[in-house]
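The structure appears below as C-alpha cells.
Every read-out reported here was derived from the displayed coordinates using simple, explicitly stated rules and does not represent laboratory data. Remember, predicted model here, so these are calculated numbers, not experimental data. Every residue, glycine as well, gets a Cβ built from its backbone with ideal geometry; the counts of neighbours run over all protein chains shown.
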Amino acid sequence: MTDGSVYGRTGFAVRVAREGGRWKVRLLAEDAGDELPVLERALGEPGAGEWPPPLVLVLDSRLYFVALRHGPGGMVRALISDAAMLEWVLAAEVVERYGIGVDTEGAFDDDETGWPGGDMDLFADDGLPAEELRPIVTADDLWADEMVERIATRLGFADELAAAVTP
C-alpha cells in the first residue's frame, strides 16, 4: 500500500550526479532528515567530477523539497520549493543558512504558502532555466513529490530517481 506519493514514500534524500554522461541517483536517507551539514557533505568536493556538479534533492513530507548544489568558488546554492515552511527543521535551516527570501512572483496569492525561494537557476546548467522551473514550483495543484518528479523527468533522471527511492 502506498501513501499517495508518486514514489511510495513521503520523504527522502538523494544525491544526483552525472557520471560518464549518465545520471546516477543514490539514496542518502529514507526519510528527509534534518541534518543540513550531512546533506552539504554529500555534495562532495567542489570542482570534483563532471559538469554540472552533483546535487542533493530532499523531499520532506510531500510538503516541500530542497535542492542543493555547489556553485562558483565552492559556495552551496540552494532552492526550496516553499520557503514559508519554517516550522519544519530542515526548511528553517535552509532559509536561515542561505539567506533565502520569499519569492512572491507567480506564487500562490491567497494564503501565503507555496512560496519558492533561493536559486531558481539551480537546474539551468542541466537545461531547466528559472523561467521553466517557476511554473513547476508555483503550481498550486502539485505536491512537492510531484514537482520533483516533473523536474527529474525534464532533466532525464526520473527512472533512476524512482529506482532509488521506491520501496
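Taking 0.36 nm per intervening residue step and subtracting the Cα-Cα distance, what contour gain separates ARG97 from ALA48 on full extension?
15.3 nm
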Practice problem: Could you sort 78-85, 7-14, 60-67 so that the peptide with the highest average Cβ count within 10 Å comes first and the rest follow in order? | Solution: 78-85, 60-67, 7-14
Quiz item: For the modelled label position 7 Å from the Cα of LYS24 along Cα-to-Cβ, which residues of segment 111-155 have backbone nitrogen atoms closer than 20 Å?
Solution: 126, 152, 155
Quiz item: Top mean-square fluctuation among ARG26, ARG77, ARG41, Gaussian network model of the chain, C-alpha springs under 10 Å?
Solution: ARG41
Quiz prompt | Where labels lie 7 Å past Cα in the beta-carbon direction, separation of VAL38 and THR166 in nm | solution = 2.6 nm
Quiz item: Just LEU57, LEU86, LEU133 to compare: in a GNM of the chain, with alpha carbon springs under 10 Å, which one fluctuates most?
Solution: LEU86
Practice problem: Return a whole-number percent for the relative contact order of the chain, with Cα pairs under 8 Å and 6 or more residues apart as the contact set. | Solution: 23 percent
Quiz item: Most fluctuating residue of VAL56, VAL137, VAL76 in a GNM of the chain with Cα springs under 10 Å: which is it?
Solution: VAL76
